[in-house]
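The values are calculated or read from the model by the stated rules, or taken from the named source; none is laboratory data. What you see is a predicted model, and the numbers here were worked out from it, not measured in a lab. Counting neighbours? That spans all protein chains shown, and the Cβs are built from the backbone with ideal geometry, glycine included.
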Number of protein chains: 2
Amino acid sequence: MAPLPQRLPQPKPTGSVPVIPTMDDTIRFETSPDRYRHWKLTFPDTHHGAVAVLAMDVQEDAGLRPGYPLKLNSYDLGVDIELADAIQRIRFEHPAVRALVVTSARDRIFSAGANIYMLGSSTHTFKVNFCKYTNETRVYLEELSQESGVPTLAAINGTASGGGYELVLACDEAILQDDGNAAVSLPEAPLLAVLPGTGGLTRLVDKRKVRRDLADVFSTLAEGVRGRRAVEWRLVDEVAPRSRFEVSVRDRTQKLIARSKRRATGEGVRLDPLDPARTVGRTEYRHVTLTVDDTRRVAEITLRGPIVSEASRDPRTAGADAWALRAFRELDDAILDLRFNHPTAGLILLRTQGDPDAVRSVDRALVAAGDDWFVREIRLHIRRVLKRIDLSARSVFALVEPGSCFVGSVFELTLAADRTYMLDDPDGATVVGLSDMNFGPLPMSNGLTRLQTRFLGEPTAVEKLQGVTEALDAGMAMKLGLVTFAPDPIDWDDEVRMAVEERTSLSPDAMTGMEASLRFAGPETMETKIFGRLTAWQNWIFQRPNAVGPKGALTVYGRPERAVFDYKRT
Amino acid sequence: MAPLPQRLPQPKPTGSVPVIPTMDDTIRFETSPDRYRHWKLTFPDTHHGAVAVLAMDVQEDAGLRPGYPLKLNSYDLGVDIELADAIQRIRFEHPAVRALVVTSARDRIFSAGANIYMLGSSTHTFKVNFCKYTNETRVYLEELSQESGVPTLAAINGTASGGGYELVLACDEAILQDDGNAAVSLPEAPLLAVLPGTGGLTRLVDKRKVRRDLADVFSTLAEGVRGRRAVEWRLVDEVAPRSRFEVSVRDRTQKLIARSKRRATGEGVRLDPLDPARTVGRTEYRHVTLTVDDTRRVAEITLRGPIVSEASRDPRTAGADAWALRAFRELDDAILDLRFNHPTAGLILLRTQGDPDAVRSVDRALVAAGDDWFVREIRLHIRRVLKRIDLSARSVFALVEPGSCFVGSVFELTLAADRTYMLDDPDGATVVGLSDMNFGPLPMSNGLTRLQTRFLGEPTAVEKLQGVTEALDAGMAMKLGLVTFAPDPIDWDDEVRMAVEERTSLSPDAMTGMEASLRFAGPETMETKIFGRLTAWQNWIFQRPNAVGPKGALTVYGRPERAVFDYKRT
């Protein structure tokens, strides 16, 4: 056991002190392989296209903001946006892929993790949202394996520290080069006085099932663990000397292909750019409109349902124009835009416009297509976007008004909302409805459907709802517990206005903690542990003076002075 | 839906501004019914001693510190220390009790929850530890019902707000007086910009299974919910008009008695005072010694095993002198002393002295006594104390040295520790050992035994260990994965010293978050949700400027000015 190691996983930046990024810089989440600067996505001939290789090759001077050179394959949000895109492309554009290898294009360095100077110079809000996004991306890797049948291997051809090792942990298997130097490590706590930001501690004990005392030692050992000990402690599955590394990776990859459950055939579907029209406070996508009112601190999202020709189209052959795929891609982009670019919009009002029967047709086709790989990917995509809403630190109210189309997968939006207001229309023309999409294909992070989570107190309610195929007016929806309030036309405007004003007047921090606590009743999964428990601890530590104060470890990292701690335990 | 209500659940203190408490005031955790100032514990004749009634009657001017009158049955730590004691007395001293009624001795007010001025004038560290202690006490109420067969009823004879309603949530059943005024509420988020501090949000959706949208409305409604709506929303089980309230409470209590599983008979066992000898930095109990070295930031706890006469005594008739009961009561007191009175002692070194075979005898007797109510209570007590260690925000290293007695229930201490160092004694005289107590009676908050949690990665290891009855030397203990390191006598001093110095040099906040994340692998329960997830969110919010900054809601509460928020969502 060495005393506190002084070995630094990332060199200090050359030149001037880091620039504090202003949060005015708008961040965009769309990219495509031809624009990648930090990853190389290839499909080596050796495996005849059955394997995708994602090699990290971070361009030092291409950070999202100036001030922090991305040395040693350290990353910032821009690097992760490309990773998320690559995973999405493998799903939709490369159906032949049966296994994914994540590795580094550099010699002797896998990844040094999230860039420390980027973190040190970011606001608390940005740090928290950055970690959430990277966490979602890591979960996408796991979902790629579990749900789409593309198992993943981390080929650790050099040191993987911090977020670098957390990327490894998100893969199914890990093989580490045994060259007397390459190590895996989580140096965040000992070097920076923060926690690993991307699920590392949870995956250590809950996924790799590392013994808790060894996990404790490992997580305080800045220099990490290498060689055989890394296998003995379950940190990786195998070590291989440099001379045999490639062969071992190939052997393991071959086995991954053999156990892949993916049965996709035919051509991939190219995901075209969303190309929304953006003006100040308003983004117009094809099926989605996002408006942001900074004065009221309210964002409004309106989703337009499919038109008849879209609803009647076979999704298996509709390509990227399939309404459900396109609409939820747009919704996803809007949510990310809100998270990063509109931090004060504390409340999202969700509306829809369209024909309820058209949504019902779309849902029917999505379910009927069963095993079709592309339609399956559409369903999984909807599921991910809904989870992204569940996990967003914004209040969400759904408003069910005349002309809306909250049915099935679209009704799921109201179930993801914190509350639903439905107009009690005297004509009974304002309706909601359920479809098979509400009863299985779109589980939350806790593994339950939103209806199951909603009715934990009366499980038979869900069974009863399964037989409900008709359109439901406000009276029925209230009776079945599907909406929160159903004001009549006289009260509607006042009631909604007052609810909106009240909600946006409350402390945004208290709302974030409250929503995170109320949204996920029922069982816990590794995912809810990461987003619920670990994230909360990270958020706490990310604002402690011992980390981010003037003499905190994250602040003084790379400078000559040492961190100074207040040693009171809390 | 009303706009943000301005109704205040607690009046402002009269006289001067609150005094900031200094943390130099030592807090003691021992009390007894004859010293209670805030609770009345009675056993009404109407139920022939089968019912305990705990009536809250907080003495306004008897706060633990000056500066915050405890109006309207609001409470501070001193009130909760009495509650915890009362639950413990019911267990051990009143075996005839078959049901517990928690109520208020005041008219029209049940409890206004934790005192806001106390919270507003406390340090972050104190707030967090206060919430942890009150959370543990609420869990003890639930354990009293689930494990000791004493079901609990909250008889809400007046408004229960905040922590007052959280006390209700910790009971099995709740009946609310329907008098047009009495309400239940969680006004923390809307009024104070913090979360309910004692498990309220989790119990709302996970225990009472309130629908999440209704929970959302309820948790932002400062004035709360009363009458029939409280039943419809599942917030209470019944409402009864003032005229029928007592009868309804009596009827429900009668049903609780009928379903009680408690079969205790005979006399209770009086829990005598621990009466330790305290000098600066040292506390000597009968079986436990606690020393605190503030310079090194290390606490050392030495537990002395039973002597032969203690080990051979039948625990069923040993009374409060039963070694296991007394030793773990002392350990509990020492842990609480550390938590509140020695905040900078970041590392606990756990040692034992004694005869391993004597501990084995004690364990055998504890298990053999099976259904005996008193011995069962001893086992449950050990379980609670071990959980208290799991949940303590201190690093814990166990040191297994010559002359130690880490066997069975005492070995469990090493399993609760973050690491164990065991001397690799060339004579093989330093040993550890297992007993039946390691395989069931002492589960963690996650519902698993510590061995099951430790070996999640190789479940068969636990089965194999069940056959291991012999004393294990360091070599065997290492091989079986029961200890972390086994230095030989030449390395021992240096290795332990360096590990201690390293650990105490690290950021205390990072260690707290890391330990909370690594200690509870495996399934989650309501308990781990409360202590892991909800607590972390509370801790985060408890240091946000929107709550505790100069213009934060908690700070300005009761003053003429309004809170000012930074509306950025995080």
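Within the stretch B:123-151, being touching an Asp or Glu at 6+ places or on another chain (Cβ under 9 Å), of a type in the set (S, T, Y) and more than 18 Å from B:N73 (Cβ to Cβ) holds for B:Y133, B:S145, B:S148.
Summed over the stretch B:536-551, the residues that are more than 8 Å from chain A (Cβ to nearest Cβ) and either touching a Cys at 6+ places or on another chain (Cβ under 6 Å) or in contact (Cβ under 8 Å) with a residue 12 or more places away in the chain (or both) give a count of 4.
Scanning the stretch A:458-473 for residues that are buried (at least 16 other Cβ atoms within 10 Å of the Cβ) and within 34 Å of the chain's Cα centre (by Cα) yields A:A461, A:V462, A:L465, A:A471, A:L472. For the stretch A:250-285, a tally of residues being part of a loop (DSSP other than H, G, I, E, B) and surrounded by fewer than 16 Cβ atoms within 10 Å (Cβ to Cβ) returns 11.
Considered as a group, the residues in the stretch B:297-309 that are surrounded by fewer than 21 Cβ atoms within 10 Å (Cβ to Cβ) and under 13 Å from B:V362 (Cβ atoms) include one that is farthest from the other protein chains (Cβ to nearest Cβ), and that residue is B:S309.
Report, by residue number, each residue of the stretch A:93-121 that is part of a helix (DSSP H, G or I) and surrounded by 21 or more Cβ atoms within 10 Å (Cβ to Cβ).
Scanning the stretch A:93-121 gives A:I116, A:Y117, A:M118, A:L119, A:G120.
Taking the stretch A:325-346 as the range and being farther than 14 Å from A:Y285 by Cβ and more than 15 Å from the chain's Cα centre (by Cα) as the test, the residues that pass are A:N341, A:H342, A:P343, A:T344, A:A345, A:G346. For the stretch B:475-495, residues that are β-branched (V, I, T) and within 9 Å of another protein chain (Cβ to nearest Cβ) total 2. Would you confirm, using the coordinates I've provided, whether B:V239 is at pLDDT 95 or above, of a type in the set (A, V, I, L, M) and more than 30 Å from B:P315 (Cα to Cα)? Spelling it out, B:V239 is indeed at pLDDT 95 or above, of a type in the set (A, V, I, L, M) and more than 30 Å from B:P315 (Cα to Cα).
Restricting attention to the stretch B:40-54, the residues being buried (at least 18 other Cβ atoms within 10 Å of the Cβ) and either in contact with a strand residue (DSSP E or B) (Cβ under 6 Å, 6 or more places away or on another chain) or part of a helix (DSSP H, G or I) (or both) number 6.
Residues in the stretch B:433-474 that are away from chain A (no Cβ under 14 Å) and not in a loop (DSSP other than H, G, I, E, B): B:G433, B:D436, B:M437, B:N438, B:F439, B:E463, B:K464, B:Q466, B:L472, B:A474. Scan the stretch A:232-273 residue by residue and report those that are free of Cβ contacts under 8 Å to residues at least 40 places away in the same chain and hydrophobic (A, V, I, L, M, F, W, C). Within the stretch A:232-273, A:W233, A:V247, A:A258 meet the criteria.
Scanning the stretch A:197-223 for residues that are part of a loop (DSSP other than H, G, I, E, B) and either surrounded by fewer than 24 Cβ atoms within 10 Å (Cβ to Cβ) or at the interface with another protein chain (Cβ under 9 Å from one of its Cβ atoms) (or both) turns up A:R208, A:K209, A:V210, A:R211, A:S219, A:T220, A:L221, A:A222, A:E223. Do the conditions hold for B:G532, that is, is it facing chain A (nearest Cβ under 7 Å) and under 15 Å from the mean Cα position of the chain (by Cα)? Yes. Summed over the stretch B:335-353, the residues that are more than 14 Å from chain A (Cβ to nearest Cβ) and either of a type in the set (D, E, K, R) or buried (at least 24 other Cβ atoms within 10 Å of the Cβ) (or both) give a count of 2. Looking across A:A510, A:A516, one residue alone is at pLDDT 95 or above and of a type in the set (A, V, I, L, M, F, W, C). It is A:A510. If the condition is being within 19 Å of B:E300 (Cα to Cα) and buried (at least 17 other Cβ atoms within 10 Å of the Cβ), then the stretch B:486-502 contributes B:W492, B:V496, B:A499, B:V500, B:E502. Scanning the stretch B:505-521 for residues that are outside any helix (DSSP H, G or I) and within 7 Å of chain A (Cβ to nearest Cβ) yields B:L506, B:S507, B:R519, B:A521. B:L554 passes every criterion in (1) within 7 Å of chain A (Cβ to nearest Cβ); (2) in contact (Cβ under 8 Å) with a residue 40 or more places away in the chain; (3) more than 28 Å from B:D294 (Cβ to Cβ) apart from (1).
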